[in-house]
1. When the dipole is taken about the Cα centre of segment B:12-116, and only Lys, Arg (+1) and Asp, Glu (-1) are charged at their Cβ, what size is it in debye, to the nearest 20?
2. On each of the three principal axes of the Cα atoms of segment B:36-116, give max minus min coordinate, whole Å, ordered largest first.
3. Using a Gaussian network for chain B with springs between C-alpha atoms less than 10 Å apart, which of these wobbles most: B:A39, B:A66, B:A92?
4. Round to a whole angstrom and tell me the spacing of the C-alpha centers of segment B:25-49 and segment A:62-77.
5. According to the Cα gyration tensor, what semi-axes, each the square root of 5 times an eigenvalue, does the equivalent ellipsoid of segment B:1-64 have, listed from largest to smallest in whole Å?
6. Mind checking which of B:G27, B:G16, B:G52 has the largest fluctuation in a GNM of chain B, springs on alpha carbons under 10 Å?
7. Counting only C-alpha contacts under 8 Å and six or more residues apart, can you give the relative contact order of chain B as a whole percent?
8. Divide, for chain A, the radius of gyration over alpha carbons by 2.2 N^0.38 Å, where N is the residue count.
Amino acid sequence: KQEVTQIPAALSVPEGENLVLNCSFTDSAIYNLQWFRQDPGKGLTSLLLIQSSQREQTSGRLNASLDKSSGRSTLYIAASQPGDSATYLCAALPDLPQGGSEKLVFGKGMKLTVNP
Amino acid sequence: SQTIHQWPATLVQPVGSPLSLECTVEGTSNPNLYWYRQAAGRGLQLLFYSVGIGQISSEVPQNLSASRPQDRQFILSSKKLLLSDSGFYLCAWNRQKHSSYNSPLHFGNGTRLTVT
């Protein structure tokens with residue numbers, strides 16, 4: 001059974017720092033790995049999706065990498081800003097022999113606070 | 001472009017009352033549809049998912065039910081709410097995995113349900 005872990009649960013940093021958010025998963029048989037952002041009281045917003053055959057994806061100041069062999073994904077945020085403050089969640093879509101899964105397995109998220 | 005609508009945004013209901021939350025998706029056909037619940041400190045819990053009209057998979061035994069009367073409509077219901085049903089309910093969609101496009105999961109803005 002796939003399990004996704006995000007450590008630490010919270011992080012507080014000063015503005016301008018380059019950040020690394022970690023995500024680990026127990027089963028390397030994944031179809032893709034997705035990163036989301038959630039603002040307080042809102043739904044989740046998709047940030048990046050990395051297919052199992054890819055090593056990384058970039059969008060603006062965000063870069064996500066995937067290492068299936070070690071069961072890890074990282075989200076890099078360059079030059080952090082107060083507007084980046086939110087909870088960040090990662091999720092793995094299992095790739096099962098019987099035809100695959102449609103069900104993402106989520107981590108519990110990491111609450112990021114960027115202080116001005 | 002695709003959009004997802006979820007309503008109401010907030011709801012306060014007494015114990016024992018019925019529940020109906022509705023979600024619709026525009027701009028795509030034959031999506032996978034999901035209902036999640038997010039409780040404080042417990043992460044995202046998948047409640048139901050559907051890969052087609054009338055096809056509902058239940059992930060957690062409880063007093064909730066889901067229906068998909070139309071291709072892009074997903075409804076979460078209960079006949080009698082419990083205090084433990086309080087939480088933040090999120091509807092989501094993505095394209096089915098067999099398509100050529102690796103689809104991220106897209107969420108609605110959620111419904112904050114308080115059972116009193």
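1. Around 120 debye, computed over segment B:12-116.
2. So the extents along the principal axes, rounded to whole Å, are 45, 27, 20.
3. Maximum fluctuation in the GNM of chain B, among the listed residues, is at B:A39.
4. Their Cα centres are 24 Å away from one another.
5. 22, 16, 13
6. Among B:G27, B:G16, B:G52, the largest GNM mean-square fluctuation belongs to B:G27.
7. In percent, rounded to a whole number, it is 35.
8. 1.04
Computed from the coordinates by the stated procedures, all read-outs in this text should not be read as laboratory data. Given the structure is predicted, the values throughout are model-derived calculations rather than measurements. Cβ coordinates were reconstructed from backbone atoms using ideal geometry, including for glycine residues, and neighbour counts include every protein chain displayed.
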